[in-house]
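Heads up: the structure comes next, in C-alpha cells.
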Amino acid sequence: MTKTAALAKLPEEIELELGLDEPDDDAALRDRAARTLSVPAESFPHVVVRKRSIDARRGRVVFHVVVGLQPPDGIPLGEPLPREVRGPSRVVIVGDGPCGLFAAYALARLGVACTVVDRGKTVQPRRHDLAGLQKRGIVDPDSNYCFGEGGAGTYSDGKLYTRAHKRGPVRDVLETLALHGAPPSILVDARPHIGSNKLPRVISAMRQRLEACGVTFEFGARVVDLITAPSGELARRRIRGVRLEGGREIAADAVVLATGHSARDVFDLLQRAGVRLEAKPFALGVRIEHPQALVNRAQYGRAHEHPRLPNAAYKLVEQVDDRGVFSFCMCPGGWIVPASTEADGLVVNGMSLSRRDSPFANSGLVVQVEVDDWERAGFHGPLGGVELQRAIERASAQAGGDGLRAPATRASDFMRGKGSSSTPMTSYLPGLTPTDVGEVLDSAGVPFAARLRTALTAFDRRMHGFASEEGVLVAVESRTSAPVRVPRDPRTLESPDLEGLHPAGEGAGYAGGIVSAALDGMRIADAIAARLAPAARSSTG
Ligand SMILES: Cc1cc2nc3c(=O)[nH]c(=O)nc-3n(C[C@H](O)[C@H](O)[C@H](O)COP(=O)(O)OP(=O)(O)OC[C@H]3O[C@@H](n4cnc5c(N)ncnc54)[C@H](O)[C@@H]3O)c2cc1C
C-alpha cells in the first residue's frame with residue numbers, strides 16, 4: 001500500500017490518555033498513536049495536537065490529548081484578513097470592548113468602513129488609571145477595569161472558554177486573537193487563557209491592523225446622546241448619528257451600541273431616546289479567595305505537587321430555593337481587583353497573569369437573582385436590577401472604608417452567620433476590612449447570604465476546606481452580566497424602536513464573556529453589511 005493510501009485509511013484524529021509522567025513531545029505522541037492503532041509509526045508523517053485537557057476526576061490525574069493524524073489543511077491562521085476600507089464611514093461603533101472591536105474587524109473583512117468611539121483611553125495610559133485604583137482608591141468614571149480600549153476584556157483574566165458554540169465561529173475568534181499575539185496554546189487548550197499581561201498587546205495589535213486598513217478609532221469619546229429622525233414607519237424613528245460629550249456629532253446610518261454592562265448612563269440615554277429596555281435576571285454575590293495550595297490539594301489529591309500540573313481550577317454549582325448558586329470566572333493563581341466604575345460603589349472581580357502563579361485562587365461565588373426577587377425588595381421598572389446592584393455596591397463601599405478597601409469575612413465565620421475580626425492574607429491590593437459580608441449582601445432586602453451559606457455547605461463537602469477559615473469572602477461581585485436587555489429584532493438585529501440602532505454584546509444582554517461578546521459583534525457586522533453593502537458576503541468567509 002502506498003503511503004497516501006495508508007494515510008487515507010487512518011482516522012482524522014485520535015484521543016490519547018497520558019499519565020503525568022508520560023512524555024508528550026511529537027515523537028512520543030506519534031509512537032503512542034501508532035501503538036493504539038496497531039499500525040507502524042511511519043504510516044503517518046504528521047501529528048498535530050488539536051486539544052489538550054486535564055482530567056482530575058475519579059481520584060487520579062491524567063492528560064487527555066486529541067492528536068490529528070492528517071497533514072494540516074494549509075489554510076493560514078485567522079483568514080480572511082481585514083481589507084482596506086473605502087468611502088466615508090456610515091457606521092459608528094460605540095464601545096471598543098470585544099464586541100465592538102470584533103464588529104469593526106468583521107466589517108473591515110467585508111470592506112465596510114466604520115468609526116469606533118470609546119469613552120476610555122488606549123491600553124497604556126489606561127494602565128496608569130488602574131494603578132490609581134489599586135494604590136490610591138481613585139475611580140476614574142471613564143478609565144478603569146471596565147472602560148477603555150478593549151473594554152472589560154483587556155485587563156480581565158482572559159479565559160476564553162465559552163458555551164456559545166452555537167452562536168458562531170469560536171475558532172475564528174481564537175485564531176484572530178492568536179494572529180495578533182495571543183499564545184498559540186489557546187488553539188488547543190480545552191480551557192484557553194491569555195492573562196492580563198498579554199491581552200493589552202493583542203487588543204492594540206488588532207486596532208493597529210484595523211487603523212492600517214482605514215478604520216477610525218477615537219478614545220476619550222463618550223457618547224452622551226443618540227441623534228434620531230422620523231423613519232418611514234409610524235411610531236418608529238431611525239438613527240442619524242451620535243453626540244459626544246462636548247457636543248460634537250458623528251453622523252451614521254447604523255450605530256452599534258456595544259457599551260458593556262457597566263455603562264449605566266447609556267441605559268438612561270436609551271430611555272431618553274425612546275428605546276425600550278427590559279429587566280433581566282442576573283447573579284450577585286462575592287469573590288471567594290483561598291490559598292492556591294488548598295485548591296490544588298482538593299482537586300489533584302496526592303498529585304497536587306506534580307511539576308507538570310498547572311494551578312488547579314474548579315467549577316461548583318448548587319440549586320438552593322430554586323435559585324442557582326455557582327462559582328463564576330475562577331482565576332487560579334490570580335488576583336482580586338477593584339472593578340468599580342462609580343466613586344461611591346465598590347465592585348470586585350478577578351484576573352490573573354498568563355503564568356497564573358500568584359499564591360491565591362479566587363472565584364466569583366454568586367446567587368442567581370430574578371426580577372421578582374428585587375421587585376419584592378422595592379426595586380421596580382426596567383432598571384430595578386441596576387438599582388439593586390448600585391445599592392449593594394454602595395453598602396459594600398461603606399462597609400469597606402476608604403481607598404476601596406473591601407469588606408470581607410472568613411468563610412468559617414460566614415457559615416456561623418457572623419462577621420470576622422481578622423482576615424487571611426489576600427491578593428486584593430487595596431486591602432480587606434474584616435466585617436460581616438452577609439449584612440452587606442442582604443442590605444438591599446434580597447436574601448443572598450442564606451442561599452450562599454447553604455451552597456457553601458455543599459461546596460465544602462465537594463472540596464475539602466472550601467468553607468474553612470482559610471477561605472475569605474470579599475464583597476461585592478455584582479457585575480456578572482447585565483441586569484437589562486435591550487430588545488432587538490432577531491433577523492435584522494436592530495432595535496424595534498430605533499431603525500439602524502444595533503444593541504449588542506454583554507451590556508444589551510446578548511453575551512456573557514469575551515468570546516460570546518466577540519461573536520455577537522461579528523453577527524452584528526454581518527447584519528449591517530447585509531443592509532448597507534449587500535454585495536459583501538459573510539465576514540467569516
Ligand atoms: C476583571 C475582569 C475579569 C474578567 N475576566 C473574564 C474572563 O476571564 N473571561 C471572559 O470571558 N470574560 C471576563 N470578563 C468579562 C468580559 O470582560 C466581558 O464579558 C466582555 O468584555 C464584554 O464585552 P463587551 O464588548 O460586550 O463590553 P465591554 O468589554 O464592557 O466594553 C464596553 C466598552 O464600551 C465603552 N463605553 C461604555 N459607555 C460608553 C459611552 N457612553 N461612549 C463610548 N464608549 C462607551 C467602554 O469604555 C468599554 O470599552 C472579565 C471582566 C472583568 C472586569
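The values are calculated or read from the model by the stated rules, or taken from the named source; none is laboratory data. Bear in mind the structure is a predicted one, so any value in this text is a computation, not a measurement. In this analysis, Cβ positions are derived from the backbone assuming ideal geometry, glycine residues included, and neighbour counts consider all displayed protein chains.
Tabulated data for the structure shown
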| item | result |
| --- | --- |
| Number of positions in region 237-266 that are under 19 Å from Val116 (Cα atoms) and either within 13 Å of the ligand (Cβ to nearest atom) or in contact with an Asp or Glu (Cβ under 6 Å, 6 or more places away or on another chain) (or both) | 19 |
| Verdict on Phe326 being more than 16 Å from the ligand (Cβ to nearest atom) and modelled with pLDDT of 95 or more | no |
| Selected residue [touching a Gly at 6+ places or on another chain (Cβ under 9 Å) and of a type in the set (D, E, K, R)] from Glu249, Glu233, Glu211 | Glu249 |
| Whichever residue in region 179-198 is part of a helix (DSSP H, G or I) and more than 21 Å from Lys315 (Cβ to Cβ) and, among such residues, is nearest to the ligand (Cβ to nearest atom) | Leu187 |
| Strands (runs of 3 or more DSSP E) completely within region 222-306 that count 1 or more residues being farther than 30 Å from Ser468 by Cβ | 223-230, 237-244, 249-251, 254-257 |
| Enumeration of residues in region 93-121 that are more than 11 Å from the ligand (Cβ to nearest atom) and either without any contact (Cβ under 8 Å) to a residue 60 or more places away in the chain or out of contact with any Cys (no Cβ under 7 Å at 6 or more places or on another chain) (or both) | Tyr105, Ala106, Arg109, Leu110, Gly111, Val112, Ala113, Cys114, Thr115 |
| Any hit, region 59-76, residues being within 24 Å of the chain's Cα centre (by Cα) and in a loop (DSSP other than H, G, I, E, B) | no |
| Residue satisfying all of: in region 465-478; in a loop (DSSP other than H, G, I, E, B) and touching a Gly at 6+ places or on another chain (Cβ under 9 Å); nearest to the ligand (Cβ to nearest atom) among these | Ser478 |
| From Leu346, Leu270, residue being buried (at least 23 other Cβ atoms within 10 Å of the Cβ), of a type outside the set (Asp, Glu), under 20 Å from the mean Cα position of the chain (by Cα) and over 25 Å from Pro192 (Cα atoms) | Leu346 |
| Search result, residues across region 366-424 that are in contact with a Leu (Cβ under 9 Å, 6 or more places away or on another chain), within 26 Å of Val139 (Cα to Cα) and among the basic types (Lys, Arg) | Arg394, Arg405 |
| Test: Ala535 is more than 16 Å from the ligand (Cβ to nearest atom), over 24 Å from Phe147 (Cβ atoms) and not in a loop (DSSP other than H, G, I, E, B) | no |
| Index of the failed condition, Thr176 passing every other in (1) buried (at least 19 other Cβ atoms within 10 Å of the Cβ); (2) closer than 16 Å to Gly505 by Cα; (3) more than 10 Å from the ligand (Cβ to nearest atom) | (2) |
| Filtered residue count, region 394-412, keeping only those that are surrounded by fewer than 23 Cβ atoms within 10 Å (Cβ to Cβ) and under 20 Å from Arg451 (Cα atoms) | 2 |
| Selected residue (only one of Val437, Val484 is within 16 Å of the ligand (Cβ to nearest atom), closer than 28 Å to Pro281 by Cα, crowded, with 23+ Cβ neighbours inside 10 Å and of a type in the set (Val, Ile, Thr)) | Val484 |
| Residues located in region 401-438, provided they are of a type in the set (A, V, I, L, M, F, W, C), at negative phi and either free of Cβ contacts under 8 Å to residues at least 40 places away in the same chain or in a loop (DSSP other than H, G, I, E, B) (or both) | Met425, Leu429 |
| Any hit, region 37-54, residues being surrounded by 11 or more Cβ atoms within 10 Å (Cβ to Cβ), more than 36 Å from the chain's Cα centre (by Cα) and at pLDDT 90 or above | yes |
| Candidate set: region 126-162, residues that are away from the ligand (no atom under 13 Å from the Cβ) and free of Cβ contacts under 8 Å to residues at least 60 places away in the same chain; chosen: the one nearest to Arg479 (Cα to Cα) | Ile138 |
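For (1) among the aliphatic types (A, V, I, L, M); (2) at negative phi, each residue gets a yes or a no:
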position: Val223; (1), (2): yes, yes
position: Ile227; (1), (2): yes, yes
position: Val242; (1), (2): yes, yes
position: Gly247; (1), (2): no, no
position: Ile250; (1), (2): yes, yes
position: Ala254; (1), (2): yes, yes
position: Leu257; (1), (2): yes, yes
position: Ser262; (1), (2): no, yes
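Condition check ((1) within 9 Å of the ligand (Cβ to nearest atom); (2) part of a helix (DSSP H, G or I)) across all residues:
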| position | (1), (2) |
| --- | --- |
| Arg488 | no, no |
| Arg491 | no, no |
| Ala508 | yes, no |
| Gly512 | yes, no |
| Asp520 | yes, yes |
| Arg523 | no, yes |
| Asp526 | no, yes |
| Ala529 | no, yes |
